[in-house]
Amino acid sequence: RSLVFTDLDTDRYELGGTITFTSASVESNIRFYSIFFLNDFYEIIGSELTSVAKGSVTMNYTFANGFVLPSGSAYLSILARNDDGVALVVNGKTTPLIDIAVPLNPPITVHFIDEDHGAGEIGGRVTVQRAADESDVTAYTCYYGMAAAAIQANKKSPTPVATYYVSGLSSSFATFVIPSHTPIPSGATHFLAFTMNADGEIRTGLSVGIVDRTDVYPVVTVSSVQFTDIDLDMSDIGGPVIWYEPANTAGLTEYSVYMAVDASGTLRKYLGNVSVGQTIFSLPVNTYRYTGTLLYTHLIVYARNFYGLALTGLALEIVDRALPLAVVTDISFTDLDPVLGQITGTVAWTAPINPALPTHFSSFAVYMAESTDAMASASQYMGNATLPTTSLTVPSGTDISNFTQLVVYTRNVAGQALVGSAISLVDLWFPIEHVDWLHFFDQDLGVDELGGAVEWTEPASTHMVHFYRTYFEESDGTRSLVGDVPVGNIRQIVPFNTRMGNFSRVIVVAANVAGEALVHSNVSIVDRTAESCPSNVGHHHTSASWRLVAGPVSSMWRVRAIRFYEDALCSIRLPTISVSWPRKPQQTAGEPFANPPDPRNLHEVFKVQSERYVWDNGTKLPNDAADAPWWSSGSPCDDLFNSTGTSVEFDPDVSACFLGFNWLSDSFIKDGRVIGSTGISLPTEQKVHCIEIEQSETSGEFSQYIGLQWYDAPRMNYKTLMQQRVSSGGFLEMAFQPVLAAECAEVNRSR
């Protein structure tokens with residue numbers, strides 16, 4: 001009917017105390033009462049703790065202190081039982097299990113210095129450094145103690161000197177103020193400090209002895225304390241601590257050196273001592289300035305005699321000298337010296353966020369070096385840049401020697417950072433290459449007007465070429481810039497209606513940031529007008545076999561549709577019907593592949609069997625239906641010769657992916673009309689002047705170059721008609737001299 005339990009064991013995860021419960025109102029089917037632990041879901045944990053025979057109205061069971069609480073326990077439950085078993089939990093009596101637990105972690109340190117010189121009286125501050133883990137701490141308490149052991153039994157009084165709650169503390173320690181002229185309680189020898197929470201105080205805290213300082217302690221101090229940190233690691237210090245002795249050293253025995261969190265000596269830490277007559281203490285390097293999260297900010301030197309330390313010492317704020325840790329980013333340098341083996345230009349970089357002392361940096365040092373570590377290899381110091389400057393000019397004619405890197409380091413008064421940032425040193429000079437096969441066909445038919453594309457092939461080596469520059473040149477050498485295109489391009493567009501004037505040549509020169517090559521390529525300008533329009537503006541290449549060539553494709557080449565046109569204006573579509581098309585004869589009646597009513601996989605259109613496949617170098621791979629309606633190469637289109645990662649122009653002849661078509665016909669033609677089938681499909685030559693292709697728009701699934709080739713049957717090889725670089729997927733149109741075709745078409749119709 002009722003259940004009561006109070007935990008009297010103050011250790012976490014341990015129980016102690018007495019369970020008291022009353023019997024059921026009707027006990028006819030009950031022999032015992034069993035005690036169980038339950039989890040959060042009211043499920044029994046383990047076996048019964050014990051059982052109590054019925055017979056009394058009020059019964060109890062006592063846990064001895066130190067009973068280990070089963071893992072996951074959340075409730076205590078009393079269940080009735082008989083020979084047939086135990087009652088269901090829902091029919092028992094249950095109470096939440098409250099584990100009374102005092103803090104696990106004591107304060108880190110406790111410190112007290114008597115600032116009252118009266119005998120039998122004290123005054124000052126008891127400074128308690130907060131616990132490293134305060135997850136179960138809500139307050140700190142301080143008591144007078146009668147022994148060094150900080151336990152409950154040694155408290156002089158159950159009433160604390162004071163209690164400070166964690167929520168009200170703003171620093172890493174709690175300070176208990178002892179007013180001046182406070183009489184030392186009889187029998188008190190120590191201050192005892194404890195952590196506390198709602199369940200009580202930690203079992204064992206920390207203590208500090210009460211030393212009643214009187215006039216028998218030293219009252220003199222040293223003067224002019226000096227310290228220079230020679231340890232260049234952050235948060236570590238080391239070096240000589242120097243001072244002057246007091247004028248009167250009578251009775252003094254030594255000088256003691258401490259670190260403290262302030263100039264008053266709070267939470268001071270002993271470092272060492274020297275005898276009177278000596279004024280230098282060697283602080284070892286790697287002396288760490290922290291205890292937990294507590295930072296020591298001052299060095300203090302105290303005079304000492306037979307009785308102990310002086311009440312006050314002379315403090316010096318610590319200046320932690322440390323090398324910079326930050327490194328610069330985004331280093332850039334472009335050599336502007338055209339002479340081989342020499343450099344000039346500006347080294348620039350982005351400064352990192354500048355931390356506070358001691359690793360604060362104030363300047364930058366720049367080196368040429370044979371490796372990215374200028375201090376571990378042959379190097380040459382180039383100069384220093386003081387903040388806020390983030391660049392350094394390299395003088396003209398600087399000899400590059402064998403150096404391969406430019407390295408930038410941060411610096412401060414302690415020295416130079418151990419790690420810098422580097423960039424490869426590139427000695428640029430004028431290109432020595434020139435383009436080949438320079439060509440310009442004027443497609444603007446206006447008199448004294450030019451327009452069209454200047455085209456060329458790139459030189460075999462382009463490592464010194466950054467871009468190509470196109471000029472129009474007059475007979476006296478006067479030039480006019482048309483434009484620049486980056487290396488990797490083979491075309492410069494001349495806008496239509498460009499005035500020809502006295503220009504006689506087109507010049508293309510390779511260039512880089514150092515300047516232009518001393519050699520160039522040129523071609524004469526021919527101003528084509530309406531009178532010079534050819535009767536046939538197309539090409540003369542006929543073939544029954546044409547193919548599309550794909551450039552680099554990193555994942556797989558995916559194509560939705562391809563359309564072939566007889567004219568350069570993309571208006572007369574060539575019939576392209578699947579060889580497996582059921583209708584005979586093979587003519588333009590039916591559904592041409594070039595314009596399907598819905599998207600189709602190419603392998604679906606040209607299939608003979610019912611299955612669909614992806615082909616990889618002659619191997620059939622299963623094709624997921626989710627790929628439809630795309631034709632897919634099934635693997636990347638890549639090789640050793642074509643790569644967008646190099647400056648080499650696309651070469652269709654060495655590409656890894658092709659999509660070829662053969663034109664066949666079994667049509668029987670009479671008087672220009674198809675009247676039946678011959679029963680035999682034979683190659684029929686076609687002229688392709690325009691193609692349209694729809695590629696995937698997903699990166700890695702569209703070709704970055706597209707070329708159109710025709711098969712030269714007598715020479716038994718494919719030749720390239722046109723090619724184009726592709727920057728994005730989707731729809732692409734390529735035509736053979738479309739502008740000339742458009743302009744001359746009107747002229748030819750009027751002739």
**Q.** FRET efficiency for Thr329 and Ser224, using Cβ-Cβ distance with R0 set to 45 Å, rounded to 0.05
**A.** 0.55
Q | Longest site-free stretch - the chain; sites: chymotrypsin sites (Phe, Trp or Tyr not before Pro), DSSP loop, at most 11 other Cβ within 10 Å | A | 307-751
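Net charge around Gly538, counting only other residues with Cβ within less than 12 Å of its Cβ (Lys, Arg = +1; Asp, Glu = -1)? Write out the running numbers ahead of the final one.
Working: positive: Lys687; negative: Glu566, Asp567.
Around Gly538, the charge tally is -1.
Ranked from the most accessible area to the least, with a 1.4 Å probe and all protein chains present, what is the order of Asp567, Asp233, Asp9? Mind dumping the intermediate values first?
Details: Asp567 30, Asp233 80, Asp9 5 Å².
Final ranking, largest accessible area leading: Asp233, Asp567, Asp9.
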Q | Within the range 200-285, trypsin sites (Lys or Arg not before Pro) in DSSP loop having at most 15 other beta-carbon neighbours inside 10 Å | A | Arg203
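When only Cα pairs under 8 Å and 6 or more residues apart are kept, what is the percent relative contact order across the range 372-450?
Details: 51 pairs, mean separation 19.8, N = 79.
Relative CO of the range 372-450 lands at 25 percent.
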Q. For the range 226-266 and the range 179-217, what is the separation of their C-alpha centers, rounded to whole Å?
A. 28
Q | Hz values of 3J(HN,Hα) by residue in the range 61-72 - Karplus curve (6.51, -1.76, 1.60), Gly and Pro given as x | A | 9, 10, 8, 6, 3, x, 5, 7, 6, x, 4, x
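Once you order the gyration tensor axes a ≥ b ≥ c over the Cα atoms, which shape class does the range 439-538 get: rounded for a/c under 1.5, otherwise prolate or oblate by comparing a/b with b/c?
Working: a/c = 2.54, a/b = 1.71, b/c = 1.49.
Judged from the Cα gyration tensor, the range 439-538 comes out prolate (a/c at least 1.5, a/b above b/c).
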Q: List nothing, just return the count: lysine pairs in the chain, 8 or more apart or interchain, with Cα separation under 27 Å.
A: 9
Q) So for the pair Ala198, Leu732, with labels modelled 7 Å out along Cα→Cβ, what separation do we get in nm? A) 7.2
Q. Mind listing the phi-derived Karplus ³J(HN,Hα) values for the range 443-459, rounded to whole Hz, using 6.51, -1.76 and 1.60 with θ = phi - 60°, and x for any glycine or proline?
A. 10, 8, 8, x, 5, 6, 10, 10, x, x, 10, 8, 10, 7, 10, 6, x
(Q) Run the lone-cysteine check on the chain: no other Cys C-beta under 4.7 Å from the residue's C-beta. (A) Cys142
Q: Mind jotting down the distance between the C-alpha centroids of the range 89-133 and the range 1-65, whole Å?
A: 33
**Q.** Normalised contact order of the chain, rounded percent, pairs of Cα under 8 Å and 6 or more residues apart
**A.** 7
**Q.** Added length on full extension, which subtracts the Cα-Cα distance from 0.36 nm per residue, Met500 to Phe306
**A.** 59.1 nm
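With the cut-off at 1.5 for a/c, could you classify the chain from its C-alpha gyration tensor as rounded, prolate or oblate? Each step should come with its number before you reach the end.
Details: a/c = 5.22, a/b = 1.75, b/c = 2.98.
Oblate, because a/c is 1.5 or more while a/b does not exceed b/c.
Can you show me the helix-derived [θ] at 222 nm for the chain, built from DSSP H runs with n ≥ 4 at -39,500 (n - 2.57) apiece and divided by the number of residues, rounded to the nearest 500. Numbers along the way, then the final one.
Working: 2 runs with 17 residues, N = 751.
Here the helix-only value at 222 nm equals -500 deg cm²/dmol.
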**Q.** Efficiency of FRET between Asp448 and Ser681 - r from beta-carbon atoms, R0 45 angstrom, step 0.05
**A.** 0.30
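Using a ≥ b ≥ c from the Cα gyration tensor of the range 152-259 (square roots of the eigenvalues), is it rounded, prolate or oblate, where a/c under 1.5 gives rounded and otherwise the larger of a/b and b/c decides, a/b for prolate? Show your work: numbers first, answer last.
Numbers: a/c = 2.95, a/b = 1.49, b/c = 1.97.
Verdict is oblate for the range 152-259.
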Q | Cα-based helix-to-principal-axis angle, 738-750 vs the chain, degrees rounded to 10 | A | 30
**Q.** Between the range 285-322 and the range 430-497, the Cα center-to-center distance that results, in Å
**A.** 76
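The values are calculated or read from the model by the stated rules, or taken from the named source; none is laboratory data. None of these values were measured; they are calculated from a predicted model. Quick reminder, even Gly has a Cβ in these numbers, built from the backbone with ideal geometry, and neighbours come from all protein chains shown. To get the accessible areas, we keep the full protein, side chains included, count just its heavy atoms, and leave off ligands, DNA and RNA. Shrake-Rupley method; radii C 1.70, N 1.55, O 1.52, S 1.80 Å.
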